Each structure stands twice: as structure tokens, then as C-alpha cells.
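Right, one structure below, let's go through it.
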Amino acid sequence: MAEFRQVISEKEIAEVASLAHEIWREHYIKIIGPDQVDYMLEKFQSVGVIGDELARKHEYFLISDAGQRAAGYVGVAPGANESELQISKIYIQKQLRGHGLGRKSLFFIEDICRQRGITKIWLTVNRNNNDSIAWYERMGFMNVGPTVKDIGGGFVMDDFRMEKRVGSQKFPV
């Protein structure tokens, strides 16, 4: 049984930042290289940035499986309008991938959407992150096209935008 705990305290924020450093270094260095990973961790996943995002109505949730220590985290952000929600993060530790936590995390986010009357979720994924792209497609997301964003420091995020309609069916988490 997956458990989701909303991130509120400074200790929880630090736990998310620590998980980000572990997961990003393991997963993204082979995709975007160590310099961009270091830059993005500081710019998007540091303790200060996470705290600022929480103050701007972003939400983070630590994921654990059967009461164990955190295995990953998810983050969501308000969309451009009230009918959509951005999934900004779904990250699971490598040794726990393939055990259904990603799927349960997505179902958890979809249930949040149903409770709030949100009908569309969207995210961006690096265009070279083939395993994640394939997973999102299996989960019902559609690739709606490329998006390139200059993030400073000489780096760009070269992504695909993926979208999914949220149905009325509730899933067990």
C-alpha cells in the first residue's frame, strides 16, 4: 500500500531535496550530463526553491510503501486555468521502480484532480528520456509536441509536453 504524506515541514522539504539529489544524479546524468543536473538541482530542487514553490501553491508529497522511509516524491502545480494541473515531479528511487509506486502516484494525482474538478493533467519530459516517455504513454498520456525552454546557465530544457484527460473512475492507491 502506497502512502502519500504532504510536505509541510522544513524537515520534509529537506527530505525531498535529498531524494532529488539521489534520484536525479542516478537517472539524469546519462540523459543531460552532470553539469546540467547540478545546475537544475540547485535551480529547481534545492531546499529554498521547494519552500518558495510551496508558498506559491505548489504541492509536494513524499511517497512511502507500507510505512517504510520515503521512496520518492511527487509535485504538482496549478495549471494555466482551474481545469488543469501540472505534474511537475514524479520521482521514485531506482531500487523501487517497477513496483507500482509510479502508477499509484499517478492515480493519487488523478484523485486530487477529481476532488477539485480538474479535468486535465500535463507534464513535460525530456525528449531523450525514452523509458519515461513510454511509461507516460502506457498511462494514457499523449505527446502534444516539443517545448524548448532556456533555463539559464547556458542550458535548455528540450522536452515534450504530454497531456491526459482525467476520467471519473477512482483508483485504489
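The values are calculated or read from the model by the stated rules, or taken from the named source; none is laboratory data. Keep in mind that this is a model prediction, so the values were computed, not measured. A quick note on method: Cβ atoms are made from the backbone with ideal geometry, for glycine too, and the neighbour counts reach across all protein chains shown. Surface areas here come from the heavy atoms of the whole protein model, side chains and all, with no ligands, DNA or RNA. Shrake-Rupley method; radii C 1.70, N 1.55, O 1.52, S 1.80 Å.
Below, the figures for the structure above:
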{"quantity": "Proximal charge balance of residue 61 [Cβ under 11 Å; K/R count +1, D/E count -1]", "calculated": "-1"}
{"quantity": "Loop-located chymotrypsin sites (Phe, Trp or Tyr not before Pro) in the stretch 112-173 whose Cβ has at most 15 other Cβ within 10 Å (DSSP)", "calculated": "none"}
{"quantity": "Prolate/oblate/rounded call for the stretch 85-127, Cα gyration tensor, a/c under 1.5 rounded", "calculated": "oblate"}
{"quantity": "54, 106, reordered so the largest accessible area comes first (probe 1.4 Å)", "calculated": "54, 106"}
{"quantity": "Entries of 57/89; 11/89; 43/104; 89/164 with Cα pairs more than 25 Å apart", "calculated": "43/104"}
{"quantity": "Calculated Rg and Dmax of the chain using C-alpha coordinates, Å", "calculated": "15.3, 43"}
{"quantity": "Value of relative contact order over the stretch 47-156, rounded to a whole percent, pairs C-alpha under 8 Å and six or more apart", "calculated": "17 percent"}
{"quantity": "Helix-only mean residue ellipticity at 222 nm for the chain, each DSSP H run of n ≥ 4 adding -39500 (n - 2.57), per residue, nearest 500", "calculated": "-12000 deg cm²/dmol"}
{"quantity": "Local electrostatic count, residue 21, Cβ distance below 14 Å [Lys/Arg +1, Asp/Glu -1]", "calculated": "-1"}
{"quantity": "Tail fraction, Cα-Cα pairs, the stretch 1-58, threshold 13 Å, whole percent", "calculated": "62 percent"}
{"quantity": "Candidates per trypsin sites (Lys or Arg not before Pro) in the stretch 87-173, loop by DSSP, up to 14 other Cβ within 10 Å", "calculated": "170"}
{"quantity": "13 Å beta-carbon shell around residue 153, net charge (K/R +1, D/E -1)", "calculated": "-2"}
